[in-house]
1. Only bridges with both residues in chain B count here: give the DSSP antiparallel percent, nearest 5.
2. Hey, got the dipole for the protein assembly as shown? About the Cα centre, +1 on K and R Cβ, -1 on D and E Cβ, debye to the nearest 20?
3. Could you let me know the centre-to-centre spacing of the range B:86-150 and the range A:153-187, using Cα atoms, in angstrom?
4. Cα to Cα, under 14 Å, and not fewer than 8 places away if on the same chain: which aspartates and glutamates meet these conditions relative to A:Lys440?
5. Can you tell me the orientation of helix A:394-408 relative to chain A, as the angle in degrees between its alpha-carbon axis and the longest Cα principal axis, to the nearest 10?
6. If each DSSP helix of 4+ residues adds -39,500 (n - 2.57) and the sum is divided by the residues in chain B, what number results at 222 nm, nearest 500 deg cm²/dmol?
7. Any chance you could get the radius of gyration and Dmax over the Cα atoms of the range A:16-502, in Å?
8. How big is the Kirkwood radius of the range B:138-203, worked out from every pair of different alpha carbons and given in Å to one decimal?
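Nothing in this text is a laboratory measurement; each read-out follows from the coordinates by a stated rule. Note that the structure is predicted; figures quoted are calculated from it, not measured. No Cβ is skipped: glycine too gets one built from the backbone with ideal geometry, and neighbour counts run over all protein chains shown.
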Amino acid sequence: MSATDHTKNYLQGGGLWSWLTTLDHKRIGVMYMIATMFFFAIGGIFALLVRLELFKTGPLFSPDTYNKFFTLHGAIMVFMFIIPVIPAALGNFFLPIQIGAKDVAFPRLNLLSWYIFMIGSFLLVLAVLSGGVDTGWTFYTPYSIRSATSVIFATLGVFIMGFSGILTGLNFIVTIHKLRAPGMTFHRMPLFLWAIYATAIIQVLATPVIGITTVLLVMERVLHIGFFDPKLGGDPVLFQHFFWFYSHPAVYIMILPGMGIVSEVITVFSRKHIFGYHAIAYSSLAIAGISFIVWGHHMFVSSQSPLANFLFSLLTMLVAVPTAIKVFNWTATMYRGSIWLQTPMLYALAFIFLFTIGGLTGLFLAALSVDVHLHDTYFVVAHFHYVMMGGTVMGLLAGLHYWWPKMFGRMYPEGWGKLSCSLIFIGFNLTFLTQFFLGKMGMPRRYHDYLPQYAPLNMASTVGSWFIGAGFLIMFTYFIWSLFKGAKAPANPWDAKTLEWTIESPPTTHNFHKEPVVTTGPYEYGEVKI
Amino acid sequence: MIQFFKIFELPRSSTMAGKIDALYDFVFWVSMISFLIIVIGMVYFVWRYRRRGVTPEPTPYITGHTPTEVSVAVVLFIIVMAIFYWGWVDYTEIITSKPGSLEINVTGRQWLWEFEYTNGRKTVNEALVPKGQPVKLIMGSADVLHSFYVPDFRLKQDVVPGAYTKLDFTAIQTGEHQVFCAEYCGTAHSKMLAKLKVVEPEEYQKWQKTWEVEQSLGVQPAQAAESSESRPTGIENPAAPRHGAAPELPAERGKALFTAKGCTACHSVTGQILVGPSLKGVFGHEVDLNDDSRITADENYIRESLTDPQLKVVKGFQPVMPTYKGTLKDEEINDLVAYIKSLGN
């Protein structure tokens, strides 16, 4: 490694082997990005197939095939895309640079995490190839114990991928605590890092629980030990508690990094100091904390006790407060700014629009009596897609366009970027706004076929999914095109103030030529003193 | 606009439907106003402060305004607490059983719904209930999780294997109401449909009377197909012989089982104390347990005492009862519960 010329940029030199054995956080980040974006494409194809089946009443695929489609869509999107994508790809690349460090604290562990992730993904892919899984991504018992499909491969894949998340989280926590450049105090860190930090804490603390749960599930399937199946003396609702004890905090693993990116992009493209830095930073931690004690809101009609329902409904309502503060502060940041509507900013605005709908519809589901009606209907499907896709994916796309020039030294084509953003935004609303109405009309989720009264809205929703597909096709095409033909990117095309924009595009292997000394916060815009 | 949204409205066919819709509407307007504040603010700022040239305009140095942030937080906190409280109040009404409810046993199995009335009448994927009378569904599953969902009633409850769950409602509109399975249960999940037919009380009485008379006369009308043989287990049980074509009440089957399974050795039904507590008048009452807690003897407690008898032992008795897990079928547990219920409460 010492033979490497540190004045070269990190992309230059070495063949495939040098990538597969690299300890450079930037290369590992890029490898994560390639893997997760590939899985995103696969998960997206399953989503399009699900919508295609629901275009009209009557079967297009067999019910079992359809059940596998929505299971694989969910499992791939959750475990192989949306959980790792921002922290492991963009986080890996930019966390060390934004704190002025050369790399993460444990570079070898970082590479190991990537391999663990790939092995886990491989097992999930094996589950797809060996007949698929039909349990839903939630693996609810006792169905998942009795299902004849490849549940064991899929859950082992989830189990193994969990370690990747834990190790990455640990690596990030240590890096943030130990490797900040001189003068980079916690309160001078970009808000993206606060979000990644809060995420890492959840990953380290919550992920072991899903590991234990999947192991118990496999033990029950293989050794017939009765944990969850009442036929063997178990309790099926216990599984739901275990599952959501991880999977609810996991929702915040998914959304917090997206919120972090939006905080960056809004300030840069408004040329304004962020409104309420401390409120946004600490609300990330507050959300992380509350996320551990609200899992029962997935189980209001599961037969858990009324007392549990009382507490979980009450605590869930509290999430609204820090979340709303963030949305309010992002909007307030634009006040008297100089707003530059480039593609990253368009995605950030789309995030605010869609995530606000996603967040507010959460209030319906947190209210006990209303949830009795809406639980397990398309209202829930629409709600979490507004949060996960309208939130996290919009945040990711904002970040991807924002940092693309830095990562690869090339500009993406602005016009195509705006076109693809508009297609995705319109298509998204057509696909999922309709589903709120379907849910209110009582259409349950995970239905292979539906009653005639739900036909028009389902058709509209499917047409929307084609717009989204077209938008992403354009995006994938121009991103790949720009790697070869895009305009050369300057070091700081957006005139941003965080440390990654003080170095070359793309960065050299060691990021900084000499250790930076930080004297101000990350968002010191604003020439006019008031 | 309002008219347009009307096509998405479901009929309000239970006493709870209107209340749940009222809270839904309240949350809808709260959300709408919050959404508009954010989005109008956002769009206005984007338009008003858009960058006009290539070089950015100078911007003011504003880092936040704590009083504004705190007031937003406080106002929001009050609103969400109000929503929570409203939801909780209605929820307690949803889960509270009314005395004198008409009880129907419901079994979900892949992929159909079975209903059994207290007079022994069984139906599949179709149930008749009287308008205006509280109904209590006592639900179990023969295989995996299901969820009994009636959108017209705005009510839903998961059906869990190995335990009872219940769903209470009072229908206020006659007609057919769609029942869905709302918890994913495999291949034909979306075809696990049933109809709840709400009729006037007189019509309901007539419907039951006609059947009871037919049964006592040994008539096997066309309805036989819907009422019999979905329960193969009762026949092979020698302790519960069929008395000709006479209707078999679940409680009667339970009484026969009570003797056949040897329960009488330790439990009287007269109030006399044997090795175990007497079961006379136990159902629906609170009992003292040997860990000094109290529990109401409901369907789930009786069920648990059969499958896990050592778990909650009545005060003053020894934990000596053997488990009947695996010995008793789900249908037999239903019958025993019905019998114990019939011993007065």
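1. Details: 32 of 46 bridges.
Taking every DSSP beta bridge within chain B, about 70 percent pair in antiparallel fashion.
2. Details: 63 positive and 59 negative charges, 517 e Å.
The dipole magnitude comes to about 2480 debye.
3. 48 Å
4. Candidates past the 8-residue exclusion: A:Asp371, A:Asp376, B:Glu9, B:Asp21, B:Asp25, B:Asp152.
5. 40 degrees
6. Values: 9 runs with 124 residues, N = 345.
-11500 deg cm²/dmol, from helical runs alone.
7. For the range A:16-502, the Cα radius of gyration and maximum Cα-Cα distance read 21.7, 65 Å.
8. This gives a value of 12.7 Å.
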